[in-house]
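All remarks here apply to the structure that follows.
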Amino acid sequence: SVIVPGDAWPATGSDAVAQWIEDSDPDFGFVLELPPVLCRPTPDARALDAFIARATPLKAQLIGWLVRPDAATHPDADWLAAVIERLAAMAPVCVDLADRWRGPELERCRIAQGAGRCWRPLTEPAPAPEGTLLICLAQEGAPRGQRQLLEDINKWQAGQRLAGLFFEGGNAGAQADQARLLAELMGV
């Protein structure tokens, strides 16, 4: 699977989306990040609907949505609830709130809407227990650390929940390959 960055969407047309579908295996999944222009607390329902319509051809391979509210402006709980509700009609939602926005109001809103929260193992000991989609943004390269990540993610997924482990940094591809091999060996 892959996270398609939100800033890539303004330049992505329907031909590019069709090419992604043609070039990928049916088991390959996409996590679509909401474009930055849609992550501001001023709601623009038509722009959000247009984004969803452009993403609709990926529905069969859509793992979920990643919402990262604009760090420069304070996200509003009403806006967040409306965005999550609209996106969740198609696929699960994971919210990546900056530390300064992780106050009780937005956390309650996220939880009430059934959205997951991104997990960064370097700064958080465990993933948030709520939601149906977990996106783990890791930098762990050592096999022992990756094994622990995989065990934590597998435990979190109990039931019908989905999780994705994505690596950040210069060696992300090699780390992802190593984690995939470990996961196969562990049977997770």
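The values are calculated or read from the model by the stated rules, or taken from the named source; none is laboratory data. In this text, all values refer to a predicted model and were calculated from it rather than measured experimentally. Note that we place each Cβ from the backbone using ideal geometry, even for glycine, and neighbour counts take in every protein chain shown. Surface areas here come from the heavy atoms of the whole protein model, side chains and all, with no ligands, DNA or RNA. Shrake-Rupley method; radii C 1.70, N 1.55, O 1.52, S 1.80 Å.
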Discussion item. With the requirement that a residue be open to solvent by less than 90 Å² (accessible area, probe 1.4 Å) and either part of a strand (DSSP E or B) or under 19 Å from LEU97 (Cα atoms) (or both), what does segment 12-47 give you?
Written reply: PHE30, VAL31, LEU32, GLU33, LEU34, PRO35, PRO36, LEU38, CYS39, PRO41
Item to complete: Determine, yes or no, whether LEU122 is open to solvent by less than 30 Å² (accessible area, probe 1.4 Å), at pLDDT below 90 and not in a strand (DSSP E or B).
Response: no
Worksheet, complete the sentence: If you go through ALA163, ALA158, the only one that is closer than 18 Å to TRP119 by Cβ, among the small types (Gly, Ala, Ser) and open to solvent by less than 50 Å² (accessible area, probe 1.4 Å) is ALA163
Practice prompt. Note down all Cβ pairs under 7 Å where the first residue falls in segment 43-60 and is basic (Lys, Arg), the second is part of a helix (DSSP H, G or I), and they're at least six residues apart or on different chains.
Written response: ARG54/SER14; ARG54/VAL17
Worksheet item: Within segment 36-50, which residues are touching a Pro at 6+ places or on another chain (Cβ under 9 Å) and either among the aliphatic types (A, V, I, L, M) or at pLDDT 90 or above (or both)?
Response: VAL37, ALA47
Worksheet item: Which of the residues belonging to segment 66-88 are open to solvent by less than 30 Å² (accessible area, probe 1.4 Å), in contact with a helix residue (DSSP H, G or I) (Cβ under 9 Å, 6 or more places away or on another chain) and either hydroxyl-bearing (Ser, Thr, Tyr) or over 20 Å from THR56 (Cα atoms) (or both)?
Response: PRO69, PRO75, ALA77, LEU80, ALA81
Worksheet item: Say we look at segment 103-119 and pick out the residues that are in contact with a Gly (Cβ under 9 Å, 6 or more places away or on another chain) and aliphatic (A, V, I, L, M); which of these is most open to solvent (accessible area, probe 1.4 Å)?
Response: ILE111
Worksheet item: Could you say which residue among ALA179, ALA98, ALA91, ALA183 is surrounded by 17 or more Cβ atoms within 10 Å (Cβ to Cβ) and under 15 Å from the mean Cα position of the chain (by Cα)?
Response: ALA91
Practice prompt. Please go through segment 76-104 and pick out each residue that is in contact with a strand residue (DSSP E or B) (Cβ under 9 Å, 6 or more places away or on another chain), in a loop (DSSP other than H, G, I, E, B) and not aliphatic (A, V, I, L, M).
Written response: PRO92, ASP96, ARG102
Response to the item:
Residue hits (segment 105-164; of a type in the set (Lys, Arg) and either in contact with a strand residue (DSSP E or B) (Cβ under 9 Å, 6 or more places away or on another chain) or touching a residue at least 40 places away in the same chain (Cβ under 8 Å) (or both)) are ARG110, ARG117, ARG120, ARG161
Worksheet entry | Members of segment 129-142 that are surrounded by 13 or more Cβ atoms within 10 Å (Cβ to Cβ) and more than 12 Å from the chain's Cα centre (by Cα) | GLU130, ALA138, GLN139, GLU140, GLY141
